[in-house]
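The values are calculated or read from the model by the stated rules, or taken from the named source; none is laboratory data. Everything numeric here is computed off the predicted structure, so don't read it as measured data. A quick note on method: Cβ atoms are made from the backbone with ideal geometry, for glycine too, and the neighbour counts reach across all protein chains shown.
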């Protein structure tokens, strides 16, 4: 009887350890939560949010009346503006930035304010319109207003 309880205890410990480890691995590898500030009526913002979710991001969408106020709050310049502003892991993501670039940013952790795809280039995530694809750059912005190309499409 005591041997059976010991064996059951060992089996239970191994089971809990194995599944606890899986749970820990999943939580370590999970993408951080992203908050997206957008207009309630903007369809391309919703498409971009879906793009981010399809690429593993946990997205919370917040409809705001004045998206420009959010941009000012996070220190974005007019020249880097687009239709929505997101915040993830302390970085600002402006506009239709591809998920791969956001993942690269979070992996490399450069000392920047964030990334931007200024305007709304056709073919960027959320702005797909048939076969047309505009060439565009993903811009890394620092806190002093300086910018450099992070990636090009």
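Which one of 70, 64, 92 is touching a helix residue (DSSP H, G or I) at 6+ places or on another chain (Cβ under 9 Å), within 16 Å of residue 39 (Cα to Cα) and in the same structural domain as residue 146 (by TED's automatic domain parsing)? Explain how you work it out, then say what you get.
Working: 70 fails: touching a helix residue (DSSP H, G or I) at 6+ places or on another chain (Cβ under 9 Å); 92 fails: within 16 Å of residue 39 (Cα to Cα).
Testing whether each residue is touching a helix residue (DSSP H, G or I) at 6+ places or on another chain (Cβ under 9 Å), within 16 Å of residue 39 (Cα to Cα) and in the same structural domain as residue 146 (by TED's automatic domain parsing) leaves just 64.
So which strands (runs of 3 or more DSSP E) stay within segment 32-92 end to end and still have 3 or more residues that are surrounded by fewer than 17 Cβ atoms within 10 Å (Cβ to Cβ), at pLDDT 95 or above and under 17 Å from the mean Cα position of the chain (by Cα)?
Numbers: elements: 33-38, 58-63, 85-88.
Strands (runs of 3 or more DSSP E) meeting the threshold: 58-63.
List the strands (runs of 3 or more DSSP E) that sit entirely inside segment 93-153 and contain at least 3 residues that are at pLDDT below 95, at negative phi and within 18 Å of the chain's Cα centre (by Cα).
Details: elements: 114-117, 137-141, 147-152.
Strands (runs of 3 or more DSSP E) meeting the threshold: none at all.
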